[in-house]
Amino acid sequence: MAGGAAPLSTARGGYRLSTLNDDLLQEIITCLPVMEAARTVVLAKRWRYLWNSAPLFLKDGDLPQSARDFVVPRVLSEHQGRFRQISLTDCRLASLDRELPGWPRLLADKQTQRLHLNNRLPRNQIDISPHIPADILRCVSLQDLLLGFWTFPVDLSHGVGIFLPNLRELTLLMVIISDEDLEHLITACTALKTLKLTSITPKRVHLRSRSLRCALVGLSRTEDFAVVDAPLLERLVLYLPGTAVRVKIGYATNLRVLGHLDTRVHRLQIRDIMIQSGLQPNTMASTSTVIPSVKILAVTVNFGVLWEVKMLASFLRCFPNIVTLHIESALHDSSVSASAIEPSGEHHAKFWQEVGPVECLRSHVLGKMVIHEFRGDQNEFEFLKFVATNAQGLQSLHVVLQERNTSSADKVNEAKGKLQDLRFQTGISGVLLVLPKEGILSTLQKATDLSFDDPFRF
């Protein structure tokens, strides 16, 4: 090591660590990968006791694949301390059932706090995912539960009891569960703060929770999504739009962050009023069709399709108090008929000239706007002209041109020149940025991290 310092595994290093108290040493051991933590027993007899009694942090990703069938059951059965986190991203269910038949009950008895169980199944075998053990749903100590590629018991609401009073975060990934059982599961988690749903089977997802603050929902298979009763919900992030889906916002008086509403597939309903009917959006706003609590809104729109542009105006009217607006410019959908696309921008210009007032622009509240996936098309600039004319409080406009959409320096300079020609009421100038596209995992991680005030920012 640099400077001739002795490594921690030497006698001198071991002696220095051994001067620490047991509680601190246990915390150090807990932070180590399981194989490294187990090796600490060679340092001294005292370490053997510390390893066995320290809260267990087991991630199968720290183990060689060839050793997982043997090591995971053995560590679970022989460890004497509580289980802080068990993360099996490659859950070997057959070996667990064979080597440690009572492993689900053991997880509950050992007061497991965080549990991640992900079966690794071929995509064409998802419909035969194994059943989740009932004891997992009665692990009282759980605070964080992730289940991937499992099947929930039939008739969960009347069969298997659920008792997860301390669960704060629930993640379901590619699980088979009925509409009714999903609703019952969410309602039964009375301390739930964060919910993540990805590619689950229910066609209908209705949220009822008195504690939920953040929901991240992939809608790839869902046809009917509704926030029925979630008074503490602050953030709702929708992704994987899939096919047409009704998005209903009922009772969510604390909702502050919402996105991405997608004009291509989302049919927005606020309480009992449908904002879109077929291809003709209802453009009239009233007290029954607005959500005043939303401060940050993200919308995806294809500016080349006129009815989507109309839908964008309707969406914006529903949120009069937006402080930050994110618009993602979508690619042309091959399923949209050529007659619906107006690449010249002529019809779009006419629409934006004749459209009625949009309150969020005129109210002096909207201070920041970001256009993502900008391509420099004329129809995008027609929208920006409308913003420049009507936005009475806008303080910053960022136009993000993705690197992959940049064919030449001339295209960038042309877009920059058009942007500078815009005259905003507040005297600002739009800023053109050329940036790489953010990865989906990073985007989703920010979406549920409430320390990020704006999860859509670049």
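The values are calculated or read from the model by the stated rules, or taken from the named source; none is laboratory data. The shown structure was predicted, so the numbers you read here are calculated from the model rather than taken from an experiment. Cβ atoms come from the backbone with ideal geometry, glycine included; neighbour counts cover every protein chain shown.
Check 268, 236 and return the single one that is farther than 30 Å from residue 166 by Cα and buried (at least 16 other Cβ atoms within 10 Å of the Cβ). If you could, list the steps in order and put the result at the bottom.
Working: 236 fails: farther than 30 Å from residue 166 by Cα.
Only one candidate passes the filter, namely 268.
Output the residues belonging to the stretch 171-184 that are of a type in the set (A, V, I, L, M, F, W, C) and more than 19 Å from the chain's Cα centre (by Cα).
First, the residues of the stretch 171-184 that are of a type in the set (A, V, I, L, M, F, W, C): 172-177, 182.
The answer is 176, 177.
The rows are residues; the columns are (1) of a type in the set (A, V, I, L, M, F, W, C); (2) at positive phi; (3) touching a Leu at 6+ places or on another chain (Cβ under 6 Å); (4) at pLDDT below 95.
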| site | (1), (2), (3), (4) |
| --- | --- |
| 297 | yes, no, yes, no |
| 311 | yes, no, no, yes |
| 324 | no, no, no, no |
| 332 | no, no, no, yes |
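Taking residues in the stretch 238-254 that are in contact (Cβ under 8 Å) with a residue 60 or more places away in the chain, and partners anywhere that are hydroxyl-bearing (Ser, Thr, Tyr), the pairs with Cβ atoms closer than 9 Å and at least 6 places apart or on different chains are 239/198; 239/220; 239/443.
For residue 195, the stated conditions do not hold, so it cannot be described as surrounded by fewer than 18 Cβ atoms within 10 Å (Cβ to Cβ), outside the structural domain of residue 441 (by TED's automatic domain parsing), of a type in the set (A, V, I, L, M, F, W, C) and over 27 Å from residue 331 (Cβ atoms). The residues of the stretch 344-368 that are surrounded by fewer than 22 Cβ atoms within 10 Å (Cβ to Cβ) and either under 28 Å from the mean Cα position of the chain (by Cα) or of a type in the set (Ser, Thr, Tyr) (or both), listed by number, are 344, 363, 365, 367, 368. Taking the stretch 418-458 as the range and being over 30 Å from residue 215 (Cβ atoms), charged (D, E, K, R) and without any contact (Cβ under 8 Å) to a residue 40 or more places away in the chain as the test, the residues that pass are 421, 423. Flag: residue 365 matches the condition of being part of a loop (DSSP other than H, G, I, E, B) and touching a residue at least 12 places away in the same chain (Cβ under 8 Å).
Please go through the stretch 192-216 and give me each residue that is touching a residue at least 60 places away in the same chain (Cβ under 8 Å) and over 13 Å from residue 182 (Cα atoms), ordered by number.
Filtering the stretch 192-216 down to residues touching a residue at least 60 places away in the same chain (Cβ under 8 Å) leaves 194, 196, 213-214, 216.
Selection gives 194, 213, 214, 216.
Of the residues making up the stretch 434-458, those that are outside any loop (DSSP other than H, G, I, E, B) and either exposed (fewer than 14 other Cβ atoms within 10 Å of the Cβ) or touching a Ser or Thr at 6+ places or on another chain (Cβ under 8 Å) (or both) are 434, 435, 440, 441, 442, 445. Looking at the structure I just gave you, is residue 217 of a type in the set (A, V, I, L, M), more than 19 Å from residue 291 (Cα to Cα) and modelled with pLDDT under 95? It is false that residue 217 is of a type in the set (A, V, I, L, M), more than 19 Å from residue 291 (Cα to Cα) and modelled with pLDDT under 95.
Within the stretch 186-285, which strands (runs of 3 or more DSSP E) (wholly inside it) include 1 or more residues that are under 19 Å from the mean Cα position of the chain (by Cα), within 19 Å of residue 322 (Cα to Cα) and among the small types (Gly, Ala, Ser)? Talk me through it step by step, then tell me what you get.
Details: elements: 194-198, 204-208, 214-218, 224-229, 235-239, 245-251, 257-262, 266-270.
In the stretch 186-285, 257-262 are the strands (runs of 3 or more DSSP E) which contain 1 or more residues that are under 19 Å from the mean Cα position of the chain (by Cα), within 19 Å of residue 322 (Cα to Cα) and among the small types (Gly, Ala, Ser).
Taken over the stretch 300-314, the criterion of being buried (at least 23 other Cβ atoms within 10 Å of the Cβ) and of a type in the set (Phe, Trp, Tyr) is satisfied by 303 alone.
Taking the stated definitions as given, is residue 415 small (Gly, Ala, Ser), crowded, with 17+ Cβ neighbours inside 10 Å, touching a residue at least 12 places away in the same chain (Cβ under 8 Å) and more than 18 Å from residue 328 (Cβ to Cβ)? Give the derivation first.
Working: small (Gly, Ala, Ser): yes; crowded, with 17+ Cβ neighbours inside 10 Å: yes; touching a residue at least 12 places away in the same chain (Cβ under 8 Å): yes; more than 18 Å from residue 328 (Cβ to Cβ): no.
So residue 415 does not fit the description; no.
Evaluating residue 235 against the criteria (1) in contact with a Cys (Cβ under 7 Å, 6 or more places away or on another chain); (2) at pLDDT below 95; (3) not β-branched (Val, Ile, Thr) leaves one unmet condition, (2).
Restricting to the stretch 383-401, give me the number of residues that are farther than 17 Å from residue 425 by Cβ and in contact (Cβ under 8 Å) with a residue 40 or more places away in the chain. Walk me through it before giving the result.
First, pick out the residues of the stretch 383-401 that are farther than 17 Å from residue 425 by Cβ: 398-401.
Checking the rest, the ones that are also in contact (Cβ under 8 Å) with a residue 40 or more places away in the chain come to 398, 400.
The total comes to 2.
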